[in-house]
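Participant: Take a look at this one; I'll ask things after.
The values are calculated or read from the model by the stated rules, or taken from the named source; none is laboratory data. In this text, all values refer to a predicted model and were calculated from it rather than measured experimentally. Neighbour counts are summed over all protein chains in view; Cβ atoms, including those assigned to glycine, are modelled from backbone coordinates with ideal geometry.
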Amino acid sequence: MAFSRKDFQDLYPFAEHTFKLPGSGLALNYVDEGPREGAEAVLMVHGNPTWSFYYRNVIKELQSDFRCIVPDHIGCGLSEKPGDDRYTYTLDSRVADLTALMDSLGYGANAAAQGKRVNLVVHDWGGMIGLAWAARRLDLVGRIVILNTGGFRLPKSKPLPTSLWCIRNVAPFGNIAVRGFNAFAGQALTMAVVKPLDERVAAGLIAPYDTWENRIATLRFVQDIPLAPGHPAWNTVLEVEAALPKIAQKQVMVAWGEQDFVFDNHFLREWQRHLPAAPMHVYPDAGHYVLEDARDQVVPLIGNFIRGK
């Protein structure tokens, strides 16, 4: 691997932890900062094409009071990046990985009876992954923060963007653009933000995706977007959507970058419908990477919300 967290030590001063996935033995890396005993946990689940680096400022905000658990999905960040012969890049695999990790850290089926609680922060594909885990562990889940993501089928009013359609359906285009030229992660450095990123932040966001082999997950995530029945992820999406009425009974907050070209106001309106009691913090001058564009507003907002202030 061409980089390590040490390359961004000042921005991302967290120790590395590795969990070997059951069965495959693949190495899933994760951040585990803050007190282990007597503190609630905060699980932060990233999407595509980011990694746990995206949550660096939220970790710093919360780590004095909470156990911050932030995994890198397989194929992302410092986790192993296997080929298709060693890993099935699907939503169900992601949920199974997250479940196995959390079980190993003491947040399994009986954790709630032991007085444990996990708060949740999700973004992009991390929404569907994290909420699928939460739907099966609702007694364990405390507060939930939603950041530019979905937890339901693609809204009927929202067409899939042409660029994503091409990546998903035109195999040569997807391979050449995403794996050959890093178009997805690279273009996100400008398309996912309104304000220019600091050069070292931009370098940190894109660092894991430095070779053809290391870009497999950024392509497979797009190819796994479930749009119709029969798709491998479809039933899991329906499961999450069916759980939203119960999720809505939790303390939930939405912080939304309004200039997101994928998770746009079509998705925001769906969240407003599913979460009628949740506070909706909308940032007109922020894009998909809302934690970058609106960092000074959103990070302390999350801190206060998780602390119950």
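Participant: List the residue pairs whose Cβ atoms are under 7 Å apart, where the first residue sits in segment 172-189 and is on the phi > 0 side of the Ramachandran plot, the second is in a helix (DSSP H, G or I), and the two are 6 or more positions apart or on different chains.
Facilitator: Asn182/Arg215
Participant: Output the number of residues of segment 54-69 satisfying the condition of being among the charged types (D, E, K, R) and not in a helix (DSSP H, G or I). Show your work before the answer.
Facilitator: Taking segment 54-69 first, the residues among the charged types (D, E, K, R) are 56, 60-61, 65, 67.
With not in a helix (DSSP H, G or I) added as a condition, the list becomes 65, 67.
Residues meeting the conditions: 2.
Participant: Just to be sure I understand, how many residues within segment 233-272 are assigned to a helix (DSSP H, G or I) and of a type in the set (Lys, Arg)? Give the steps one after another, and end with the answer.
Facilitator: Looking only at segment 233-272, we keep the residues that are assigned to a helix (DSSP H, G or I), and these are 234-247, 265-272.
Imposing the further condition that a residue be of a type in the set (Lys, Arg) reduces the set to 246, 269.
Matching residues across segment 233-272 total 2.
Participant: If the requirement is being surrounded by fewer than 16 Cβ atoms within 10 Å (Cβ to Cβ) and at pLDDT below 95, which of these qualifies: Pro276, Pro232, Pro245? Lay out the reasoning, then the answer.
Facilitator: Values: Pro276 fails: at pLDDT below 95; Pro245 fails: at pLDDT below 95.
Answer to the selection: Pro232.
Participant: Identify the single condition in (1) more than 19 Å from Tyr209 (Cα to Cα); (2) modelled with pLDDT under 95 that Gly25 does not satisfy, given that it satisfies every other one.
Facilitator: Unmet for Gly25, out of (1) more than 19 Å from Tyr209 (Cα to Cα); (2) modelled with pLDDT under 95: (2).
Participant: Of (1) part of a loop (DSSP other than H, G, I, E, B); (2) of a type in the set (Asp, Glu); (3) at pLDDT 95 or above, Asp97 satisfies all except one. Which?
Facilitator: (1)
Participant: Within segment 128-140, does at least one residue satisfy the condition of being closer than 14 Å to Val262 by Cα and among the β-branched types (Val, Ile, Thr)?
Facilitator: We begin by selecting, within segment 128-140, every residue closer than 14 Å to Val262 by Cα; these are none.
Looking for residues that are closer than 14 Å to Val262 by Cα and among the β-branched types (Val, Ile, Thr), one finds none in segment 128-140, hence no.
Participant: So, one more: Among (1) surrounded by fewer than 24 Cβ atoms within 10 Å (Cβ to Cβ); (2) over 9 Å from the mean Cα position of the chain (by Cα), there is one condition Ile74 misses while meeting the rest; what is its number?
Facilitator: If we test Ile74 against (1) surrounded by fewer than 24 Cβ atoms within 10 Å (Cβ to Cβ); (2) over 9 Å from the mean Cα position of the chain (by Cα), just (1) comes out false.
Participant: Determine whether segment 109-120 contains at least one residue that is without any contact (Cβ under 8 Å) to a residue 60 or more places away in the chain, within 27 Å of Ser24 (Cα to Cα) and either of a type outside the set (Gly, Ala, Ser) or buried (at least 24 other Cβ atoms within 10 Å of the Cβ) (or both).
Facilitator: Initially, segment 109-120 is screened for residues without any contact (Cβ under 8 Å) to a residue 60 or more places away in the chain, giving 109-115.
Filter once more, keeping what is within 27 Å of Ser24 (Cα to Cα): 109-111.
With the extra rule that they be either of a type outside the set (Gly, Ala, Ser) or buried (at least 24 other Cβ atoms within 10 Å of the Cβ) (or both), the set shrinks to 110.
Yes; the residues of segment 109-120 include at least one that is without any contact (Cβ under 8 Å) to a residue 60 or more places away in the chain, within 27 Å of Ser24 (Cα to Cα) and either of a type outside the set (Gly, Ala, Ser) or buried (at least 24 other Cβ atoms within 10 Å of the Cβ) (or both).
Participant: Still on this structure, I have one more. Go through segment 280-303 and give me each residue that's in a helix (DSSP H, G or I) and not aliphatic (A, V, I, L, M).
Facilitator: At the first step, the residues of segment 280-303 found to be in a helix (DSSP H, G or I) are 290-293, 295-303.
Once the filter is applied, which keeps residues that are in a helix (DSSP H, G or I) and not aliphatic (A, V, I, L, M), segment 280-303 yields Glu292, Asp293, Arg295, Asp296, Gln297, Pro300, Gly303.
Participant: List the number of the failed condition for Ile216; all other conditions in (1) of a type outside the set (S, T, N, Q); (2) at pLDDT 95 or above; (3) over 19 Å from the mean Cα position of the chain (by Cα) hold.
Facilitator: Checking Ile216 against (1) of a type outside the set (S, T, N, Q); (2) at pLDDT 95 or above; (3) over 19 Å from the mean Cα position of the chain (by Cα), the one that fails is (3).
Participant: From the list Ser24, Ser79, which residue is polar (S, T, N, Q), more than 18 Å from the chain's Cα centre (by Cα) and either part of a loop (DSSP other than H, G, I, E, B) or more than 24 Å from Leu164 (Cβ to Cβ) (or both)? Spell out the reasoning first.
Facilitator: Details: Ser79 fails: more than 18 Å from the chain's Cα centre (by Cα).
The match here is Ser24.
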